[in-house]
1. Mind telling me which of 95, 51, 133 comes out most flexible in a GNM of the chain, alpha-carbon contacts under 10 Å?
2. Obtain the nm distance between the two label points defined at residue 76 and residue 44 by a simple spin-label model: each point lies 7 Å from its Cα along the Cα-to-C-beta direction.
3. Please check: in the Gaussian network model of the chain (C-alpha springs, under 10 Å), which one of 122, 93, 83 has the largest mean-square fluctuation.
4. Per the helix-only calculation at 222 nm, which mean residue ellipticity applies to the chain, given -39500 (n - 2.57) for every DSSP H run of n ≥ 4 and division by its residues, nearest 500 deg cm²/dmol?
5. Report, ordered by chain and residue number, the lysines lying within cross-link reach of residue 148, taken as a straight Cα distance under 29 Å and ignoring same-chain residues fewer than 8 apart.
6. By how many degrees, between 0 and 90 and to the nearest 10, does the Cα long axis of helix 40-57 differ from the longest principal axis of the chain?
7. Which residue, 144, 37, 164, has the most motion in a Gaussian network model of the chain that connects Cα atoms within less than 10 Å?
8. When mean projected area of the Cα convex hull in nm² is calculated directly from the model, which label among (1) 10.3; (2) 11.0; (3) 11.9 fits?
Amino acid sequence: ATHLPGAALKIAFGATILLAGIRMLTAKAPEIEQEAKDNPWLWAAWAIPIGMVTGIIGVGGGVLMIPVMVLTLRFKMHNAIATSLAVMLFTSTGGVIGYIINGLGVPQLQDLAYTIGYVNLTSWLLLAVTSVGMAQIGAITAHKLPAKQLRYIFIAVMFYMGLKMLGVFDWLGWPI
């Protein structure tokens, strides 16, 4: 990702999120409740491409993991979200280490205050502190919502993020 242009990453990110949202919206719910697939080899087979794509476009994994877990691995929506959050602890750590290492020695990053490689520590700290508390509120709220409603909220957020990253709202002149 450090060798790709930012505009290309932005388009890839937006398109990936939008396609995942379309897939979740159009996927037919199973007629009967199916058990989650309990196959570590299948999980690993999905984890490899998801890890690579999320490392390149920086989505942290949830945007891709949740649709795969719900649609392919048959996780319940609440379980998919919780599992995705737990996995993101590790995937984001790997991604951060990669961005720090690949950013060391980049001339235009040398003079930025409070920056290690591509990671701005001030932004990280402010976002992390706020996000930890809000994630708790989000988890409490998610458990109060039915899975179907939670799924549609997730899809709506994916559509918004995908369209925003692709520049559709700017192109239309919408200030959202």
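Read-outs throughout are calculated quantities, based only on the coordinates presented, and are distinct from any laboratory measurement. Keep in mind that this is a model prediction, so the values were computed, not measured. Here the Cβ positions follow ideal geometry from the backbone for every residue, glycine too, while neighbour counts run over all protein chains shown.
1. Of 95, 51, 133, the most mobile in the Gaussian network model is 133.
2. Going from the residue 76 label point to the residue 44 one covers 2.9 nm.
3. Answer for the Gaussian network model of the chain: 122.
4. Dividing the helical sum by the residues of the chain leaves -23500 deg cm²/dmol.
5. 28, 37, 76, 164
6. 40 degrees
7. 144
8. (3)
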